Amino acid sequence: MTPTGGPEATPTHWDFPPLHAADANGVVALGADLEPATLLAAYRRGLFPMRLHAGGPLAWWSPDPRGVLPLESLHVSRSLRRSCRRFRVTVDVAFTEVMRGCADPRRPDAWIDEAFVAAYGELHRAGWAHSVEVWSDTDDLVGGVYGVAIGGLFAGESMFHRVTDASKVALVGLVERLRRGGGTLFDTQWTTPHLVSLGAIDIARSEYATRLADAVAHPQLTLG
């Protein structure tokens, strides 16, 4: 990727290739930076950043198929409903702590490093990135999820749990707030058995691009 010259419609100094330029793994480009303007422009175009591997180069991804969790299709089992009653759920109370939970180097395929913690912390302070926290009855942080909200889009980045069902409770709390707060598209990047059990589905990259364009044109969602 190379910096663009002159003013742009979006406030970034980088020119992202089109989504169809992705390789077989879904990587569209390498390089750029994690400045707020770069991140927001990328999400608006259907891209998200991850390292190719821990300590590796910054890559911009557009997987095909793309994982989404339709807000009307959230599946909450009877046992999960019981778990939801066991925990306290908050929003934007411990954003950095949630990121550090997601960045735990003991987790398989850990890739979130201090550069990501700093970059998304800046987005959080600017009102674009949000966290949902799950607390035990002893006020210990036991799970959470964080992501980026633009218009009606919530781009989920990562989640973690320290006790059984805590990450699922975080997702239930997030979806409930997205429904109330004007969310229209919950992007999960990929699907996993964990997410599929909650109602996540795969859609084609082209369909995602269409849904994304509609979502980012909506008024800014709220999670309060």
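The values are calculated or read from the model by the stated rules, or taken from the named source; none is laboratory data. The structure presented is a predicted model; accordingly, all values stated were derived computationally and were not measured. Cβ sites come from the backbone with ideal geometry, for glycine too, and all protein chains shown count toward neighbours.
Assorted remarks:
- Test: residue in the stretch 118-131 that is surrounded by 19 or more Cβ atoms within 10 Å (Cβ to Cβ), part of a loop (DSSP other than H, G, I, E, B) and over 14 Å from the mean Cα position of the chain (by Cα): no
- Residue identified as surrounded by 15 or more Cβ atoms within 10 Å (Cβ to Cβ), touching a residue at least 40 places away in the same chain (Cβ under 8 Å) and within 14 Å of the chain's Cα centre (by Cα) among Leu153, Leu141: Leu153
- Hits in the stretch 37-66 (condition: surrounded by fewer than 16 Cβ atoms within 10 Å (Cβ to Cβ), over 16 Å from Ala119 (Cα atoms), among the hydrophobic types (A, V, I, L, M, F, W, C) and out of contact with any Asp or Glu (no Cβ under 9 Å at 6 or more places or on another chain)): Leu52
- Taken over the stretch 114-138, the criterion of being farther than 15 Å from Glu35 by Cα and touching a residue at least 24 places away in the same chain (Cβ under 8 Å) is satisfied by His130, Ser131, Val132, Glu133, Val134, Trp135, Ser136, Asp137.
- Tally, over the stretch 95-107, of residues that are surrounded by fewer than 16 Cβ atoms within 10 Å (Cβ to Cβ) and either closer than 15 Å to Val169 by Cβ or among the polar types (S, T, N, Q) (or both): 1
- At least 3 residues being in contact (Cβ under 8 Å) with a residue 60 or more places away in the chain is the threshold, and among the helices (runs of 4 or more DSSP H) wholly inside the stretch 1-112 those reaching it are 36-44, 78-86.
- Leu171 buried (at least 19 other Cβ atoms within 10 Å of the Cβ), farther than 23 Å from Leu19 by Cα and touching a residue at least 40 places away in the same chain (Cβ under 8 Å): yes
- Screening the candidates Glu97, Glu72, Glu8 for the property of being modelled with pLDDT under 95 and not polar (S, T, N, Q) yields one hit, Glu8.
- Candidate set from the stretch 185-216 (those that are in contact with an Asp or Glu (Cβ under 7 Å, 6 or more places away or on another chain) and surrounded by 16 or more Cβ atoms within 10 Å (Cβ to Cβ)); member that is farthest from Glu157 (Cα to Cα): Arg205
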